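J.: The structure that follows is given in the form of structure tokens.
The values are calculated or read from the model by the stated rules, or taken from the named source; none is laboratory data. Here the structure is a predicted model, which means the values were calculated and not measured. Neighbour counts are summed over all protein chains in view; Cβ atoms, including those assigned to glycine, are modelled from backbone coordinates with ideal geometry.
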Amino acid sequence: METVNFLAAAAEYLDSRKFMCQTSFPIPGIGQAVELFAVKTGRSFGPFFPYEDCLFFHDFSRLPKDREGLARVHEAERQFVNARYKLPKMLRYKVPNIVTVLIASAGFSPEVSEYASENTIDPIGGERHQVILVDLGRNNSV
């Protein structure tokens, strides 16, 4: 499967799950548009726990291949989402889940795989974030 086909299938799937999807979405601080941005708000356990899922899909071939470059991209996305909230993280009742999805057809280096597998739990709370790797050449993800 090619990256463009994966992105189209992901957009269709997310749209069917009531995500609002937008292609070529510009994020300040990245220097290029995200191939697919998907967002959904809702509540878990009835009316009790509001959430917002924000997914940023990238064609890995267009991104920096080093840990620091990828960290800058992920941090820019986190800043973009967190800037939409008025309350500081520790006071939030509605928690955003920020996911950076990197799609590659030629695999990922051990450095990138290590970065994606790091613990992202923030002791302050008020946000969840992670990096997911999708290797289309191997037909699996991390």
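J.: Of these, ARG72, ARG62, which one is within 22 Å of ALA8 (Cα to Cα), modelled with pLDDT of 90 or more and either in contact with a helix residue (DSSP H, G or I) (Cβ under 8 Å, 6 or more places away or on another chain) or not acidic (Asp, Glu) (or both)?
T.: Only one candidate passes the filter, namely ARG62.
J.: Is there any pair with a first residue in the range 12-30 that is free of Cβ contacts under 8 Å to residues at least 40 places away in the same chain and under 15 Å from GLY42 (Cβ atoms) and a second that is surrounded by 11 or more Cβ atoms within 10 Å (Cβ to Cβ) and of a type in the set (Val, Ile, Thr) whose Cβ atoms are under 6 Å apart and which are 6 or more apart or on different chains, and what are they?
T.: Hits for this filter: MET20/VAL39.
J.: Determine, yes or no, whether ILE103 is out of contact with any Pro (no Cβ under 7 Å at 6 or more places or on another chain), surrounded by fewer than 18 Cβ atoms within 10 Å (Cβ to Cβ) and closer than 18 Å to ALA10 by Cβ.
T.: Values: out of contact with any Pro (no Cβ under 7 Å at 6 or more places or on another chain): yes; surrounded by fewer than 18 Cβ atoms within 10 Å (Cβ to Cβ): no; closer than 18 Å to ALA10 by Cβ: yes.
Judged against the criteria, ILE103 is not a match.
J.: Within the range 95-110, how many residues are within 19 Å of PRO123 (Cβ to Cβ) and either at pLDDT 95 or above or of a type outside the set (S, T, N, Q) (or both)?
T.: Number of matching residues: 3.
J.: With a cut-off of at least 3 residues that are more than 13 Å from the chain's Cα centre (by Cα), name the strands (runs of 3 or more DSSP E) lying wholly within the range 31-142.
T.: Per the criteria, 33-44, 49-59.
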